[in-house]
Amino acid sequence: MSSRVPFFQACHYSKVLNSNLLNVLKTMPKEKKHIPEAQKQRRKIKEKYSKYSPGKVTLQVLGTGAEGAPRSLYVFSDQSRYLFNCGEGTQRLAHEHKMKLAKLEHIFITRPTWTNIGGLPGAALTIQDVGVPEITLHGPQGLEEIFIATRRFIIIKDLEIKMAQCDENTSFEDNVLKVKYVPLRRSGNSSPISENSNFGQVQEDNIDYYAHEHSGRRKSPPKISESKLLQHKNKPTNLSMAYICQLQPRPGALCLDKCVSFGVPPGPLLGRLKSGQDVILANGNVVKASDVCEPDDPGPVFIVVECPSEEYLDSLIESGEFKKHQSTATKDDDLAHTVVHFTPQKILNHPKYKEWIDKFSPSTHHLILNETNTCMGSSAVHRIQYKLNLLSNDIFPLLGDKGTEIIDEQLTEPPQPKKMKPDSPSIPIETLSVKSQPSSPSDHIYTNTLFNYHLRPKKACDRLGELKLVPSQFIEETMTIENFPSVLHEVTQKMAQKRRHLTIRDFPRLLFLGTGSSIPNKTRNTSGMLLEIDENTNIVVDCGEGTLGQIVRFYGKDKASAELAKIGAIYISHLHADHHLGLVGVLQGRKRAMQKLGKESQPLFLFAPKQIMWWLSFYDRCFENIREEFILVPNGELFFNNHELDENLESKLLESLQMRDISTCFVKHCPNAFGVSFVHKNGYKITYSGDTMPSDNLVELGKNSDLLIHEATMEDELAAEAVIKMHSTTSQAIEIGRRMDAKYTLLTHFSQRYAKLPRFNENFSDNVGIAFDNMRVKLDELPLIPLLYPALKLMFVESYEEMEQKAAKRQMKIEREKEAQQNL
């Protein structure tokens, strides 16, 4: 087997496609041309509103900071958007909740740690795609270099990323906000920029992992400036940036009813009054602007702060900038209206921090975004799981995440929270979600996703839009589909009968954490699986952004810690972002779980292309220490029938993971893309394709597998597009399983155009299944999966019919073009 030959060198599509395929390519969409036009429109809108202070401004919680969830605060007006912190998973929540990222141009980061910046790369891709021409990052100097570290797998070519100069002597101001930067410095020893000693000699990865896509069709990614951060002595995480924000003042609104009562006629006098000028009427009466206008709004103050540890407390307490907005303020307009705390609960409970909070006015609200919150931010994942659970409670169990309020299923309407008076000094604790409410002062607000605090026109808490789950509604949506109850009954009967003839062992089990491709959507996250070997050992197989959150969501916060602590290895198939951007989050989540359970932290085995070390080295040296969390096992040293890994290391890892053999091969995708097979000591064999076109290497590697997990990005009619992007169609994946004599084939990594269900065809036999997020299946349960197809097609009948209609239109277009060519 010639595993040593990198297939990508021979798979440039121009050498693979035949002339018929090239004709089909002409009908495919070209490079996106909407971005320049969208950027042009955005600039026009910005210029139009730049002279006016907005009439509506709201603080909205997007990510609560719950374990496994991002923490992010969205500030939106009727003109602009601002984001404070952007943790891993922000992109997915913004998509689900329809956040208008087209108006987002400024992102404020308190401290460049993964909990605050893990979502920046993915969010930047979305921001770029909707036509934002540039974004400005605010925070500790050096945080922008996350884009240097990720430049090989996060391609930013149409978005300019700027870094604001943020220190005691600078500030930011536009027509909406004035922002004062307040650096909080760590006392004692700072964390220095580390040398490469822990990583050895790591060479920069200069491979273009998307060359197969942009060759002749897309511009190569632009060069990004070289790192300056590595030249600094200290990491940017030694500083936490607080922000004192004040809305720009706004003249009081003109009250037309009052104008009529004073006898002001329609016309230019109204404009003069609105601008604050007194006017004289024709009868000689003087009408003062103050008589017919609401009071001017000087602009409320809100503060965003993160005090990450005790070492930052002295800097926080001693800062004179905060005192200007505490009870010692010289005028009422300077009093802070709201303080948003990204501070961890341990520090929030510290006597010094409590004393600092107590110095604010009793009218100041304190909004808490930290790990004490429990809402993970998504209702869509619960909605589809409640539906799938109707089919099988074993394969689709209800999620362990109980952090979001569930509306009583017997109620026809959700209960309404108590209404708050504008400028209420505190929030009654009984109005808070039971799940998000620790013992705390009544002015501390622990929130759910989509909690709003309106700063203008009137100041008020708004919980009406907070995320809630209504299971009865989710189930009713499905059970009212015509014929579904009878089909469900038939399917469940067949499954029960089939199960009686199976001997089902508890292990191994597969939990699918992400079954989509490229970018996450509401129902399919990016690639990830949890292979449960036994009650003590787990292996993560690919690790897209949000993998940690998926584990927490499935098991629930407490049980997730135990499962994270069991992770003995992580396998990364290749270095596209949707397969490894969640790695740092999982490493850190596992470390926290070990600490929580009182276990000694041991490094896990990281199976990955060796080129991953440049990214991990950069992050470890410049941001947070992660090197001690893993032992690298290069995929290229485990080639099938040609292992070159150190024998002692290989023996140790096989024993640790209860395996007889772990082997890899090159597959046909980007450079350094691998397939893998796991052979357990008990004899069963599981093979995973990663991303690939049909691969002979994979067939040989996976021969006689008990299970093949193969990507199926495209439907069969999109074979041309699959070749260009070097992916497989559903039938191609099934054929690979047939050729390797795999007992069962599970399809995954579906294009986002198949958000709920891929298109079925005649090749879907009784040993072929499809994967869903949060599907957990035992190896011996695989024969049950194909029995679900009739119910699945009916459950998602609307989306399935839409796919069929699109396929029919596509086929008609191809036939018309063929006919036109024949008539030439």
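Descriptive notes on the structure:
- Fraction of accessible area attributable to carbon and sulfur, region 511-577 (%, probe 1.4 Å): 49 percent
- Inter-label distance, nm, simple model (7 Å from Cα along the C-beta direction), Leu645/Ser799: 3.7 nm
- Compared with the dominant principal axis of the Cα atoms in the chain, helix 120-129 is inclined by about 80°.
- Computed from Cα atoms, the angle from the helix 583-596 axis to the main principal axis of the chain rounds to 80 degrees.
- Scanning residues 5 or more positions from Glu371 or on other chains, those with amide H under 5 Å from its amide H are Gln345, with H placed 1.01 Å from N in the peptide plane.
- Normalising the average separation of contacting C-alpha pairs (under 8 angstrom, six or more residues apart) by the number of residues puts the relative contact order of region 647-717 at 25 percent.
- Within the straight-line cut-off of under 17 Å between alpha carbons, the aspartates and glutamates reachable from Lys56 are Asp78, Asp174, Glu294, Asp296, Asp297, Asp423, Asp462, sequence neighbours fewer than 8 places apart in one chain being disregarded.
- Rg(Cα) / (2.2 N^0.38 Å) computed for region 597-730, rounded to two decimals: 1.20
- Prolate/oblate/rounded label for region 516-594 (Cα gyration tensor, a/c 1.5): prolate
- Cα shape, region 668-824, gyration tensor, a/c 1.5 rule: oblate
- Charged-residue dipole, Cβ positions (Lys, Arg, Asp, Glu), the chain about Cα centre, Debye nearest 20: 1440 debye
- With contacts taken as Cα pairs under 8 Å and at least 6 residues apart, the chain reaches a relative contact order of 12 percent.
- Value of [θ]222 nm, deg cm²/dmol, for the chain, DSSP H segments ≥ 4, -39500 (n - 2.57) each, nearest 500: -8000 deg cm²/dmol
- Of the solvent-accessible surface of region 766-824, computed with a 1.4 Å probe and all protein chains present, 50% belongs to carbon and sulfur.
- For Gly769, the amide hydrogen comes within under 5 Å of the amide hydrogens of Thr745, Leu746, Leu747, counting only partners 5 or more places away or on other chains and with H modelled in the peptide plane.
- The aspartates and glutamates within cross-link reach of Lys354, meaning a Cα-to-Cα straight distance under 19 Å and a gap of 8 or more places when in the same chain, are Glu306, Glu310, Glu311, Asp314, Glu318, Glu321, Glu371, Asp443.
- Carbon and sulfur %, accessible surface of region 579-729 computed with the full protein complex present, 1.4 Å: 43 percent
- Label-zone membership for region 271-298, site Lys258, 7 angstrom Cα→C-beta point, backbone N under 14 Å: 273-279, 287-297
- In the list (i) 48.1, 163; (ii) 46.9, 161; (iii) 28.7, 102, the label attached to Rg and Dmax of the Cα atoms in Å as derived from the coordinates here is (iii).
- Taking 0.36 nm per residue of separation and subtracting the current Cα-Cα distance, fully stretching the chain between Thr328 and Gln493 would add 52.2 nm.
- Taking a ≥ b ≥ c as the square roots of the eigenvalues of the alpha carbon gyration tensor, region 300-375 is oblate, as a/c is not under 1.5 and a/b does not beat b/c.
- Length-normalised contact order for region 477-553 - Cα pairs under 8 Å, 6+ apart - percent: 21 percent
- Degrees separating the helix 647-656 axis from the principal Cα axis of the chain, which is the longest one: 70 degrees
- Taking amide H as placed 1.01 Å from N in the peptide plane, Leu469 has its amide H under 5 Å from the amide H of Glu405, Ile406, Ile407, each at least 5 places away in sequence or on another chain.
- Taking the convex hull of Cα positions in region 649-703, its mean projected area over all directions (nm²): 4.0 nm²
- Accessible area per residue, Å², the chain with all protein chains present, probe 1.4 Å: 43 Å²
- Peptides 787-793, 514-520, 760-766 ranked from most to least packed by the mean count of surrounding Cβ atoms within 10 Å: 514-520, 787-793, 760-766.
- Rg/Rh, computed from the Cα trace of region 272-417 with Rh as the Kirkwood radius, has the value 1.22.
The values are calculated or read from the model by the stated rules, or taken from the named source; none is laboratory data. Please read all numbers here as calculations on a predicted model, not as lab measurements. Backbone-built Cβ (ideal geometry, glycine too); neighbour counts: all protein chains shown. For the accessible areas, the whole protein counts, side chains as well, though only heavy atoms, and no ligand, DNA or RNA atoms are used. Shrake-Rupley method; radii C 1.70, N 1.55, O 1.52, S 1.80 Å.
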